[in-house]
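Visitor: Pasting a structure here, questions to come.
The values are calculated or read from the model by the stated rules, or taken from the named source; none is laboratory data. Given the structure is predicted, the values throughout are model-derived calculations rather than measurements. Glycine also receives a Cβ, built like all others from the backbone with ideal geometry; neighbour counts cover every protein chain displayed.
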Amino acid sequence: MALYLVRRLLALVAVLFVMSFIVFCLQRIVPSDPARAVAGPTAPAATVEQVREKMGLNDPLLVQYGRFLEGLARGDLGTSTRTRKPVTDDILRYAPASLELMFAALVLGAAAGVAVAFGQVAARR
């Protein structure tokens, strides 16, 4: 049993590492420029370059990924380029509505599952 738990924990770490890599890559693939988004659409190129340097976007990708993992380990999800607030604050702000939707979907799914189960029992009789 202990070996099973150790294997599952190691698999969890591997999945989290792979998912963090996928999220990091998706952030880099998106066609928008985060420095341009922070500086503004009409900002001069010099200002955008300063923002890019400040955000560390000129560093090699491995360095950026290392910083990304370090921030995740500390619980720092960064700053939203859209709201310019910490991402954690945005998550906490919208979590109640998300939990409400999740609970409603759970109740509806459970009700549908019970109805299907009763239908199967009725069909067998």
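Visitor: Are any residues in the range 76-125 within 23 Å of GLY56 (Cα to Cα) and among the charged types (D, E, K, R), and if so, which ones?
Guide: Going through the range 76-125, the residues within 23 Å of GLY56 (Cα to Cα) turn out to be 76-90.
Answer for the range 76-125, where residues must be within 23 Å of GLY56 (Cα to Cα) and among the charged types (D, E, K, R): ASP76, ARG82, ARG84, LYS85, ASP89, ASP90.
Visitor: Related question: Name the residues in the range 89-125 that are charged (D, E, K, R) and farther than 30 Å from GLY75 by Cα, would you? Reasoning before the result, please.
Guide: Step one: of the range 89-125, the residues charged (D, E, K, R) are 89-90, 93, 100, 124-125.
ARG124, ARG125, listed by residue number.
Visitor: Still on this structure, I have one more. In this structure, is GLY119 at pLDDT 95 or above and more than 22 Å from ARG28 (Cβ to Cβ)?
Guide: Numbers: at pLDDT 95 or above: no; more than 22 Å from ARG28 (Cβ to Cβ): yes.
No: the conditions fail for GLY119.
Visitor: Of all the helices (runs of 4 or more DSSP H) wholly in the range 13-125, which have at least 3 residues that are loosely packed, with under 14 Cβ neighbours inside 10 Å and out of contact with any helix residue (DSSP H, G or I) (no Cβ under 6 Å at 6 or more places or on another chain)? Give the derivation first.
Guide: On the way: elements: 34-39, 45-55, 61-74, 87-124.
In the range 13-125, the matching helices (runs of 4 or more DSSP H) lie at 45-55, 61-74, 87-124.
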